[in-house]
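Below is one structure, written out as structure tokens, with a few remarks after it.
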Amino acid sequence: MTEAFKRLSDDDLATCVHCGLCLDACPTFRMTGLETESPRGRIYLMTQWKRGTMPFDDEQVRHIDLCLGCRTCEAVCPSGVPYGRIIEAGRADVEDARRPSLKRATSRVALREMLSHPKRLRGFGSLTRAAQKAGMTSIVRSGRQLPKLRQQFRPPEGGVAPAVGARKYRVAFLVGCVMPILYPQSHDAAVRLLQLAGCEVWFPAGEQCCGALFAHNGDLESAERLREVNAATYASEPFDALVVDSAGCGAHLKDFYPTLKGRVKDLSEWLAEVGLPEPKRELKMRVTYQDACHLAHAQRIKKQPRDLIRAIPGVELVEMRHADICCGAAGLYSTLEPDMSRRILEAKLDDLLATDAEVVLAGNPGCQMQLESGLRSRRSPMKVMHTAELLAAAY
Ligand code: SF4
Ligand code: SF4
């Protein structure tokens, strides 16, 4: 096990000074008001397990399970507690020690058997799309949660998309595992924006899932295996930046791929840095923006997407209340912890609908799917789009 994937560390846990300044920012504390569902409470529990002074029983494990891993606490902590690293390490320890549960064991096997096998995943995507067309998935709960699938995203022949005009940069693009199947239109828009910004876009052949979902669910061994495959792939050709349009993947690549240090960029971060040409079209639209946790808190990127949105003529950006509070998606959380996920989503929907926006923008597929599912349940006509889709529509 390398340094990046080390297990719970005393040094990390000791950075918490128990001040409680993170409590009000924590979505599960806001819902329950319980110390055990707060960052401080969870750090305390993990510290006691590590010292062997508290039993590792089902009741205590529940408090770790209920953490969204949203890292809002990390962003507001004055003491610099590396909560993201602590909870991922804590989860790995929990998974090793807990009594096996069918639901969690199934999700671990499903992740291993699907996400690390791009061909299987694409096959599953094609089957699901066919089933959707035949109207067959509405009887399956997860089928209702999935967006309406389109033709999957495929990199161009030769694995390179040329820059529009003079080539100023060469970027690698993370195609990822589920995004080309669930939201191919986001990738299409992202690649087009990169080309317009003067980037030649390279799609590294052999690239696999970045490992984020594995790490978030305590399967650090699988995450590390995937990192080794991908690190070798990225080392095979030169590039200025690895551009990512999924916040969860971007955060994971920044935290756990030391060979890419300083070169992983969220799409909005990169576009804000290199600049886009003047938009060609006015879009008369009232929009709002949901901060993906792994963009706002893990990567501390809040300004760049808003600046890019505001630069589109005709677009009115209305801020929603608590825009940087989690929507309850959190990777597999909405499947593993549906009750808490739903409670958090309902609060988010209230804030969202109060904006009266036509469109809500987000930079992460999990948030898109969660918001779409919530808005459908409220029978709202509000649309969900990836930020890249709105920006690309202006050209
Ligand atoms: S995690 Fe940070 S903000 Fe929260 S109690 Fe500990 S030191 Fe305070
Ligand atoms: S990661 Fe999110 S849910 Fe977990 S303790 Fe921190 S703020 Fe709360």
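What the table shows:
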{"item": "Every pair of residues 6+ apart whose Cβ atoms lie under 7 Å, when the first sits in segment 5-24 and is within 24 Å of Pro258 (Cα to Cα) and in contact (Cβ under 8 Å) with a residue 24 or more places away in the chain while the second is open to solvent by 80 Å² or more (accessible area, probe 1.4 Å) and more than 14 Å from ligand 2 (Cβ to nearest atom)", "result": "Leu8/Lys50; Asp10/Lys50; Leu13/Lys50"}
{"item": "Pairs where the first residue, in segment 28-39, is within 10 Å of His63 (Cα to Cα) and the second is open to solvent by 50 Å² or more (accessible area, probe 1.4 Å) and aliphatic (A, V, I, L, M), C-beta under 9 Å, 6+ apart", "result": "Thr28/Leu34; Glu37/Met31"}
{"item": "Segment 268-292 - residue that is open to solvent by 10 Å² or more (accessible area, probe 1.4 Å) and in contact with an Asp or Glu (Cβ under 8 Å, 6 or more places away or on another chain) and, of those, farthest from Glu88 (Cα to Cα)", "result": "Met285"}
{"item": "Members of segment 232-257 found to be open to solvent by 30 Å² or more (accessible area, probe 1.4 Å), small (Gly, Ala, Ser) and part of a helix (DSSP H, G or I), listed by number", "result": "Ala232"}
{"item": "Total residues in segment 81-108, condition surrounded by 13 or more Cβ atoms within 10 Å (Cβ to Cβ) and either among the acidic types (Asp, Glu) or within 16 Å of ligand 2 (Cβ to nearest atom) (or both)", "result": "15"}
{"item": "Residues of segment 308-329 that turn out to be part of a loop (DSSP other than H, G, I, E, B), among the hydrophobic types (A, V, I, L, M, F, W, C) and open to solvent by less than 40 Å² (accessible area, probe 1.4 Å), as a count", "result": "8"}
{"item": "Residue in segment 191-199 that is under 20 Å from the mean Cα position of the chain (by Cα) and either closer than 21 Å to Pro118 by Cα or assigned to a strand (DSSP E or B) (or both) present", "result": "yes"}
{"item": "Top-ranked residue in segment 53-66 [being away from ligand 1 (no atom under 16 Å from the Cβ) and within 21 Å of Tyr333 (Cβ to Cβ); ranked as surrounded by the most Cβ atoms within 10 Å (Cβ to Cβ)]", "result": "Leu66"}
{"item": "Qualifying residue in segment 25-47 (condition: more than 19 Å from Ala296 (Cα to Cα), away from ligand 2 (no atom under 14 Å from the Cβ) and within 24 Å of the chain's Cα centre (by Cα))", "result": "no"}
{"item": "Options Leu352, Leu361, Leu371: the member that is more than 16 Å from ligand 2 (Cβ to nearest atom) and not in a helix (DSSP H, G or I)", "result": "Leu361"}
{"item": "Residue ID - nearest to ligand 1 (Cβ to nearest atom), chosen from residues in segment 41-52 that are crowded, with 22+ Cβ neighbours inside 10 Å and of a type outside the set (Val, Ile, Thr)", "result": "Arg42"}
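The values are calculated or read from the model by the stated rules, or taken from the named source; none is laboratory data. Everything numeric in this text was worked out from a predicted model, so none of it was measured. Positions of Cβ are backbone-derived with ideal geometry, glycine not excepted, and every protein chain shown enters the neighbour counts. With ligands, DNA and RNA removed, areas are computed over all heavy atoms of the protein, side chains included. Shrake-Rupley method; radii C 1.70, N 1.55, O 1.52, S 1.80 Å.
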